[in-house]
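Before any comments, here is the structure.
The values are calculated or read from the model by the stated rules, or taken from the named source; none is laboratory data. Because the structure is a prediction, the values reported are computed rather than measured. Counting neighbours? That spans all protein chains shown, and the Cβs are built from the backbone with ideal geometry, glycine included. The area values use the complete protein model at the heavy-atom level, side chains included, leaving out ligands, DNA and RNA. Shrake-Rupley method; radii C 1.70, N 1.55, O 1.52, S 1.80 Å.
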Amino acid sequence: MFNLVLFGPPGSGKGTQSSKILEKYSLVHISTGDILRIEQAKESPLGIEAKKFMDQGMLVPDEVVIGMISSKLDENPNVAGFIFDGFPRTVAQAQALDNLLDFKNNPINVVLSLLVTEEELKTRLISRGESSGRPDDNEEVIMKRIKEYHAKTSPVADYYKSKNKLVEVKGEGTVDTIFDSLCDEIDNAQE
Ligand code: AP5
């Protein structure tokens, strides 16, 4: 089994690259942002609760997302591995994920961290907001998401660095160039 975390700030290209990686390596994609948006669209109790946080650019409480991940792992018992996109986003989430995976004897193999300047993140997200209408892609909420990232999510990189699992990859350039760099690192981690 091969488990990969694709890590990076809002707009760093996690979703874009995940869809290419899972096609090439046959991994199961777990995106907490996508799961929460589906719950919102269904207007489920979870979706209604999560919307309050997401619309303000704040993280949804740990216990909610950890429960979602635990269910997703249980739903996919015999797979080649997982690509985690947008999770873990706090050190508590990273510790919970390690516990869940240790229990199954299938730890995280590598964490690929996309490096993108703040200027480029804002440009990408504002442009996506104009075309997709995603409600959290307006300038005010984007700034809050970036602030939340620095406060709560960037320590996750240190957590994995201390476990020698973090690999930084330049996240600017063409989608294909970045994909090639990510594939090189995945192949290295699989050797
Ligand atoms: P989530 O959906 O995970 O949002 P995010 O991390 O802010 O990530 P994005 O989807 O905005 O960006 P991305 O890195 O996937 O980039 P993308 O490929 O789309 O989370 C949304 C909310 O849900 C959070 O704010 C929070 O409230 C909640 N949430 C989710 N997970 C949570 C968790 N674990 N804990 C607590 N709360 C949680 O690319 C962005 C744009 O750039 C696209 O338009 C794309 O086409 C473009 N682009 C991509 N690559 C390039 C490139 N190389 N050059 C130019 N443009 C590019």
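Could you check, for region 131-142, whether at least one of its residues is in a helix (DSSP H, G or I), more than 22 Å from residue 83 (Cα to Cα), in contact with a Leu (Cβ under 7 Å, 6 or more places away or on another chain) and touching a residue at least 24 places away in the same chain (Cβ under 8 Å)?
Yes, region 131-142 contains at least one residue that is in a helix (DSSP H, G or I), more than 22 Å from residue 83 (Cα to Cα), in contact with a Leu (Cβ under 7 Å, 6 or more places away or on another chain) and touching a residue at least 24 places away in the same chain (Cβ under 8 Å).
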**Message:** Which residue is farthest from the ligand (Cβ to nearest atom), if the candidates are limited to region 171-191 and must be part of a loop (DSSP other than H, G, I, E, B) and without any contact (Cβ under 8 Å) to a residue 40 or more places away in the chain?
**Reply:** 191
**Message:** Checking the conditions here, which among 19, 26, 70, 44 is open to solvent by less than 50 Å² (accessible area, probe 1.4 Å), within 15 Å of residue 83 (Cα to Cα) and not aliphatic (A, V, I, L, M)?
**Reply:** 70
**Selected residue (only one of 24, 14 is farther than 22 Å from residue 103 by Cβ and more than 9 Å from the ligand (Cβ to nearest atom))** = 24
**Residues located in region 24-41, provided they are within 22 Å of residue 181 (Cβ to Cβ) and among the small types (Gly, Ala, Ser)** = 26, 31
**Asked** Quick one: which helices (runs of 4 or more DSSP H) sit completely within region 1-99 and have at least 1 residues that are in contact with a helix residue (DSSP H, G or I) (Cβ under 9 Å, 6 or more places away or on another chain) and among the acidic types (Asp, Glu)?
**Response** 32-42, 45-54, 62-75
**Request:** Pick out the one residue from 168, 119, 130, 139 that is open to solvent by 60 Å² or more (accessible area, probe 1.4 Å), at pLDDT below 95 and more than 12 Å from the ligand (Cβ to nearest atom).
**Result:** 139
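Working carefully through the options 141, 156, 169, find the one that is among the β-branched types (Val, Ile, Thr) and in contact with a Lys or Arg (Cβ under 9 Å, 6 or more places away or on another chain).
Matching residue, one of 141, 156, 169: 156.
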**Asked** In region 98-125, how many are under 26 Å from residue 136 (Cα atoms) and either touching a Ser or Thr at 6+ places or on another chain (Cβ under 8 Å) or in contact (Cβ under 8 Å) with a residue 24 or more places away in the chain (or both)?
**Response** 13
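State yes or no: is residue 53 near the ligand (Cβ under 8 Å from one of its atoms) and open to solvent by 20 Å² or more (accessible area, probe 1.4 Å)?
Details: near the ligand (Cβ under 8 Å from one of its atoms): yes; open to solvent by 20 Å² or more (accessible area, probe 1.4 Å): yes.
For residue 53, the condition - near the ligand (Cβ under 8 Å from one of its atoms) and open to solvent by 20 Å² or more (accessible area, probe 1.4 Å) - is met.
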